[in-house]
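The block underneath contains the structure these notes are about, expressed in structure tokens.
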Amino acid sequence: MKRVLFCCLLPGLIAAMVLPPAGPGKRTIAKEALLDKIKGGWAGQIFGVVYGAPTEFRARGATYDAERVGTPAELKGALNQDDLYVEMTLAEVMDRYGLDATAQEYGEAFRDSKYALWHANLAGRRNLSRGIMPPQSGHPRYNAHANDIDFQIEADFIGLMAPGLPRAVQFYGDRIGHVMNYGDGVYGGIFIGAMYSAAFFETDPRKVVEAGLGAIPAQSGYAAVIRDLLAWHQEEPRDWRATWKRLEDKWDRDDPCPEGALTPFNIDARLNGAFVALGLLYGERDFDKTIEIAARGGQDSDCNPASAGGILGVMLGYRALPSRWVEALLPIAGEKFNYTTFSYDSIVASTLSRAAALVAHNGGKVTAEGFEIPVQKPSAMKLEQWDPGRPAESVLVTDARWQWKGEWKREEQKSVSAASDTAGSEAEISFEGTGAMVVGAYRDDGGYLEVYLDGKKVADTDGFVAGGNRPHESLWHADNLRPGKHTLRLVVAGKRYARSKGAWIYLHRLVVFRR
């Protein structure tokens with residue numbers, strides 16, 4: 001396959017900010033104007049994530065009303081933010097292989113990354129390291145975090161290289177998003193990317209949110225949340241807290257994430273994406289107000305103002321961003337983000353080169369004066385959804401319904417666990433439901449586990465992760481079970497995973513789902 005490569009910035013970035021109108025079905029933007037918007041998008045992301053960093057998950061099911069937020073003096077901390085360097089890993093793949101980089105090439109780069117990950121990203125990378133490649137690495141058959149926020153916080157770079165090109169956002173969102181997500185988890189990234197794409201030519205935040213909505217399947221759960229938000233904003237255009245409360249009451253429930261199920265914690269892409277849009281709608285083009293509302297909505301409240309700030313940064317342009325933030329960025333603009341080859345200056349340059357290549361690839365024209373871009377409407381996307389049912393019950397290992405055989409010990413490390421590395425040790429429990437999830441820990445001494453459902457062996461799995469402890473992860477899950485009573489038996493294999501320090505299995509709870 002012929003690679004569509006781009007290796008250097010186009011010259012002449014001093015063109016006038018206004019170009020003559022393009023022909024029918026096309027729009028124009030001067031290079032200087034496009035560069036200013038790309039700079040504003042990356043800077044807005046950086047400012048938003050630093051602003052929200054002290055608030056992250058401090059408010060769960062509530063607004064964050066404390067005074068502590070990030071300041072420009074803390075901007076250097078952005079260089080070690082996973083909300084930035086993970087998406088840069090994916091941008092590096094495109095720079096290396098071109099616009100037609102394959103899902104496998106994105107997956108391989110993600111698999112080989114060295115930084116810590118959580119949720120869908122962690123599950124996706126674990127799958128990749130076990131030979132489960134995209135799109136299966138993000139599929140709920142293997143990834144219990146399929147609906148989580150992860151691709152949503154990594155898709156900004158796609159929108160920033162796709163000015164007015166929502167179909168390109170959909171294409172790359174579908175290809176890259178399935179490395180770690182599925183369904184609404186993928187649509188979250190496309191929603192964010194399409195808002196960036198629209199922001200290059202749109203000045204009304206509501207129309208930007210509507211453009212994001214138009215790029216995802218109307219029948220999806222994600223689209224339903226955003227439609228509600230838009231309707232409630234129209235009914236109550238001044239009070240963001242009233243609209244936040246309606247989002248909370250209707251949509252902050254039934255999260256299937258292993259950590260979020262039946263807890264106040266919610267890292268679902270849909271709810272957090274709504275908080276991004278909440279900031280844009282009620283921020284009314286004021287940068288400080290926009291990132292404040294997105295952060296004070298709670299939950300993943302550094303990622304949300306990062307995306308809201310980035311999208312508004314494109315709308316306003318770098319020159320219109322608050323001077324106290326811009327002045328703090330200047331001293332670190334040439335410093336590299338951890339785990340990447342990019343600095344702020346070089347990711348801006350890379351994005352401009354990719355935008356030029358993508359515009360040309362989509363039938364546009366790049367000249368010394370600027371970009372002529374075809375007007376593009378989003379295409380219809382195939383609907384995919386994962387709904388394992390409603391989390392109905394959480395049965396901790398301290399519950400008397402668990403039956404134990406062999407050698408088990410109790411461990412308290414962030415959560416109470418029953419732990420064993422003895423071959424043949426068993427844990428058994430009966431439940432009534434249409435789905436179940438065994439929640440335990442991934443650790444660097446994790447070993448193999450055999451899973452039996454209703455007397456039949458259904459899985460060999462493991463609890464290994466390199467370098468750390470992830471206490472709320474799915475060791476095994478299944479949905480679409482026949483309604484009624486089921487018996488689950490877990491048998492410790494007593495065998496190490498290839499790189500593990502031990503053969504331990506750590507069990508925390510069983511989550512039962514019902515339809």
Query raised in the report: What do you reckon, is LEU117 within 18 Å of ILE149 (Cβ to Cβ) and in a loop (DSSP other than H, G, I, E, B)?
Result: yes
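Condition check ((1) among the acidic types (Asp, Glu); (2) within 26 Å of ILE29 (Cβ to Cβ); (3) touching a helix residue (DSSP H, G or I) at 6+ places or on another chain (Cβ under 9 Å)) across all residues:
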residue: PRO217; (1), (2), (3): no, no, yes
residue: ASP228; (1), (2), (3): yes, no, yes
residue: GLY260; (1), (2), (3): no, no, no
residue: ARG270; (1), (2), (3): no, no, yes
residue: ILE293; (1), (2), (3): no, no, yes
residue: GLY297; (1), (2), (3): no, no, yes
residue: SER307; (1), (2), (3): no, yes, yes
residue: PRO331; (1), (2), (3): no, no, yes
Requested in this report: Among what's in the range 311-320 and is among the aliphatic types (A, V, I, L, M) and under 25 Å from the mean Cα position of the chain (by Cα), pick the residue that is surrounded by the most Cβ atoms within 10 Å (Cβ to Cβ).
Outcome: ILE311
Query raised in the report: Do you know which of the residues in the range 135-161 that are within 23 Å of SER350 (Cα to Cα) and of a type in the set (D, E, K, R) is surrounded by the fewest Cβ atoms within 10 Å (Cβ to Cβ)?
Result: ASP156
Query raised in the report: How many residues does the range 101-154 hold that are touching a Ser or Thr at 6+ places or on another chain (Cβ under 8 Å), more than 24 Å from ASN266 (Cβ to Cβ) and either hydroxyl-bearing (Ser, Thr, Tyr) or touching a residue at least 40 places away in the same chain (Cβ under 8 Å) (or both)?
Result: 4
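Take the range 196-207 and flag every residue that is buried (at least 22 other Cβ atoms within 10 Å of the Cβ) and over 14 Å from ALA162 (Cβ atoms).
Answer for the range 196-207, where residues must be buried (at least 22 other Cβ atoms within 10 Å of the Cβ) and over 14 Å from ALA162 (Cβ atoms): just PRO205.
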Query - Hits in the range 334-372 - residues which are surrounded by 15 or more Cβ atoms within 10 Å (Cβ to Cβ) and of a type in the set (Gly, Ala, Ser) - result: SER343, SER346, ALA349, SER350, SER353, ALA355, ALA356, ALA357, ALA360, GLY364, GLY370
Query raised in the report: Could we say that PHE47 is among the hydrophobic types (A, V, I, L, M, F, W, C) and either in contact with a strand residue (DSSP E or B) (Cβ under 6 Å, 6 or more places away or on another chain) or outside any helix (DSSP H, G or I) (or both) here?
Result: no
Query raised in the report: For the range 390-398, does any single residue satisfy the condition of being under 23 Å from ALA33 (Cβ atoms) and part of a loop (DSSP other than H, G, I, E, B)?
Result: no
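Laboratory data are not the source of any read-out in this text; all were calculated from the coordinates shown. Just so you know, these numbers come straight off a predicted model, no measurement behind them. Quick reminder, even Gly has a Cβ in these numbers, built from the backbone with ideal geometry, and neighbours come from all protein chains shown.
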